[in-house]
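Here the structure is laid out as structure tokens; the discussion comes afterwards.
Please treat every number below as a calculation from the coordinates, not as lab data. In this text, all values refer to a predicted model and were calculated from it rather than measured experimentally. When we count neighbours, we look across all protein chains shown, and the Cβ atoms used for this are built from the backbone with ideal geometry, even at glycine.
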Amino acid sequence: MSVVTGALGSLGPKLLQLLHGEYKLQKGVRKQVESLSRELDSIYPFLHKVSDVPWDRLDDQVKVWAREVREASYDMEDIIDTFLVRVDSGKNNDDSSNLKLAMTKMGELFSKAKARRDIAAKIMDITKRLEEVANNRQKYKLDEIMCKPLAATSTIDPRLKAMYKEVTQLIGVDKSSDELMSMLNQSQQDHDASNKKMKMISVVGVGGLGKTTLARAVYDKLKPQYDCGAFISIGRDHDLVKVFKDILFLLDTENHKDIHNTERGVQLLIHQLREFLKKKRYFIVIDDVWEVCTWEAIELALVENNRGSKVITTTRKVDVAKASGEVYKLKQLSYDDSMKLFYTRLSRADQKFLDNHPDDISKKILKKCAGIPLAIITMASLLAGKPECEWSMVYNSIGFHTTDNREADDTMTILSFSYYDLPPHLRTCLLYLSTYPEDYFIKKESLIWKWIAEGFIDGKQGTRLFELGERYFNDLINRSLIQLVENEWNGRVERCRVHDMVLDLMRKLSSDENFIAILGDNVEGTPAPSSVRRLVNQNRIAEHINSETMVTRMPKVRSYTAFKCFIDSRDLFLRFKLLRVLDIVDCSFEKGCHLEHLGDLLHLRYLRIRFNDSSLELPIQLGNLKLLQTLDLEGTLPASIVHLTELLRLCADKKVPDGIGKLVSLEELIIMNGCSDKALKFFKELASLRELRVLEFDTYDGVDESMQGDFVESLSNLQKIQHINVHGSAWHADTTTWEAAGFVLPRPLHHLRWPFIEFSKLPSCINPSALPILAHLELFVITMDEQDLKLLARLPALCYLYLTTESTVTASNINSSDGCFFQKLRYFETNAMVQFEQPDEEDTSVSLHMWNGEDAIPFASRKSNDSRKVVSSGLMPNLEVLDFLVLLPFLKGNYSDYCGNIGLEYLPSLRELRGGIDCRGMTVAESDASLAALRDACNVHPNHPTFLMPISLY
């Protein structure tokens, strides 16, 4: 399913499903279905071609025709799905009497007969409608006029301005240009031959960030140092022959003045360019590269002649940047530079910025622009000439696309290049983000499951839909169209957000194509109710939606989302009978609000209800939703949910009912506040959920040995699991018993949180060869030794470690040459006291001590190292946060020596020292001295890590 093709791609399989004998269609209807299928086969390839053309380049008649086909496809899908649901669905009759069962079956027969008559009439109508659409295609010769004439679409690329902007006009580029030039010149001593090697750097960032401007500024400054140079912007739609001719012409205009009149192909031009560059020291900038294959072709012409040549590329795509050389990720403007650029654009002078303090509305405007120069210039141009008293009104009433302002048009044009470069399926997924409010942090998992429910992700054999959705998500990040929000320490992407500029463009395109209708405080425009397919309500009372008139005027709504709304008690939004997605987030419900109608929404694939201040009773009718894939609810789940055999994701804040093992398609099971009323049965039933990828649950009622045994046995069946999180009351786990029962962890495991399972010793399955991609580990091991600690240190992907132990452990003889001691670890938290020590000044090896405060102190007293220069030890080279306890009462007379010599100098990447200081029984002077020593250790470290270790007196 895509924005242009609608539901056309999914109709073929559904029409074939209708032809199965079990649906008993009349003979004439079967022929119509076959004819309809053939007609769709002829339309779909042409419509797919239409979807590949940027919308603004399509002929208007083609647009009208494409809309007609798309709307017809949605109507067809609604008709077919309604028929299939009516014929296939049946109520749960587990407790019914024989008489009731007989009456129910008789009613179903009549209902199915009526459904067959209804679909016969509707298929006849839709066939006539498609025939008319097909005739229009021939009548207006749409195949011949798909695109507008070139003259009608040719415009000056607005990015050219950045290439010819005077350096004196640039704001905020100095720091970036210094950093980029430093990277270009970063090398060994001049006399070293390696200094003469060519240097390639790629500048990457979202559209409008100023990549071209930066590259041009650096190019203009450094070009005089080289024999020749060229700055060329190639763009998304390029001709490699012209690219190479342009490079040759710019490198030597005199000798290549006629190059564009030659008939040379790519191969000859590459050869000519290599010959020209063979003995030259050159500086070339290739601006706006979109594909890796384009760069690879250009790179063939760039000769490595050991003359110190430089090449800069700019791109919006991370994969292109990585393929093009060393990566420079361009940052947004600072707040001061943003304000300076804003007022400079308004007044054409800096004086206003210097003489006036920014008010609240200016701050709001700059927050909206988020340091993107293009956005700042656009907003300033919209406000230019208007008194400041009107800025607030302008800010609240317009977006980047809702005006005829030329700067705003240029902004949308530049952003649209990225959008139209996307394949159709990614365009659809990106447009769907327009359902979210501004500045909203979008949960990755929820977004992907909504894509799946909407039918945007086409399944491929052997690939699970969620994994395919993750590829789509990562591709949008790679193209700098959405901003990732990753977990700070384990690198796991959990959320994303959309820049306001991109959001405005998506909303405009969504509105133009009747893809999404938005009702919200800061959203303009009222959709035509009869054509609305996806409805979003943001930050307002949803009462006006919940009226009989509105519901009956929106018969085609298939997706309803509400953010931060008040839902009244009439619940009529539940009467959108074609709903596939129902998403209620951070909303308030009127007291007495009931959800009985939920069980009637038989088309639902996605159901999430997360409210603010009340707990709703969930109806038993949830068990009727046979097509449901995602169920994410607050409230007590009814027992009937175990009949939802298509369920892929179950997220609940209360215990699940018995029978969870029947949900064999589940990929995610997340339960807060307990797992089940019958925990023993729950652990056994987990064994049936072989498709699980994510498992999270809490235990508060204790877990005995029998339950632990069932859990271990179930784990052996969960070979696809990647994420395990168990919280709640403590488990006392005998490791030997677990391993005797066959305890293993699956190889795909990436995230393991077991801080409350107290293992007697380190399980043997937690080792580098068994868990090659484990990045997050939270573990409680009562007894540990040096071998155990070094085993954990060799986990190749480990970024986050929370380790609790009752032992004193020392890992000694750690050398940088070993290259395997917590190489990727960024966050380390432990209950033990830690010290990093170099026992012998003549020996470069380092030891890591972890002391429990009870055994003999493992580290020796030593004099303070006043220099504390960072030493390359190979021990935790990427560690940014160290979190541990300082137990002053147990140190006795050694507290001052310890606090001043933790050994932070062996942690070259340290950014933060946190934890706590136990000062029980210590004098104020002793506590203050310890605190001062710890602060001093941070202050003398080259990174000056943040110190967050509060004192505890109890």
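Observations
- Global geometry of segment 751-841, whether rounded, prolate or oblate, following the gyration tensor of its Cα atoms and the 1.5 cut on a/c: oblate
- Take every Cα pair under 8 Å whose residues are at least 6 apart in sequence, average their separation, divide by the length of segment 754-802, and the relative contact order is 48 percent.
- Stretchable slack from A797 to D600, in nm (0.36 nm times residue separation minus alpha-carbon distance): 66.2 nm
- In percent, rounded to a whole number, the relative contact order of segment 422-507 is 38, using alpha-carbon pairs under 8 Å and six or more apart.
- Between V85 and L484, the distance separating the two model label sites (each 7 Å from Cα on the Cα→Cβ line) works out to 3.7 nm.
- Cβ-derived FRET efficiency at R0 41 Å, E179 paired with T810, nearest 0.05: 0.50
- Between I782 and R471, the C-beta separation translates, for a Förster distance of 41 Å, into a calculated FRET efficiency of about 0.50.
- Ranked for footprinting exposure by Cβ neighbours inside 10 Å, fewest first, T805, T810 give T810, T805.
- Placing unit charges on each Cβ (+1 for Lys and Arg, -1 for Asp and Glu) gives segment 189-284 a dipole about its Cα centre, and among I201, N261, I247 the Cα reaching farthest toward its positive end belongs to I201.
- Charging the Cβ of each Asp and Glu at -1 and of each Lys and Arg at +1, and nothing else, the dipole of segment 160-329 about its Cα centre rounds to 180 debye.
- Ascending count of other beta-carbon atoms within 10 Å, so fewest first, for E739, E71: E739, E71
- Order of E829, E596 under a 10 Å beta carbon neighbour criterion, fewest first: E596, E829
- Cβ-derived FRET efficiency at R0 25 Å, S760 paired with D701, nearest 0.05: 0.65
- Using a cutoff of 8 angstrom between alpha carbon atoms and counting only pairs six or more residues apart, the relative contact order for segment 160-329 works out to 34 percent.
- Modelled spin-label separation between N939 and D227, with each label point placed 7 Å from Cα along the Cα-to-Cβ direction: 5.6 nm.
- Projected label distance in nm at E912 and E263, using a 7 Å step from Cα toward the beta-carbon: 6.7
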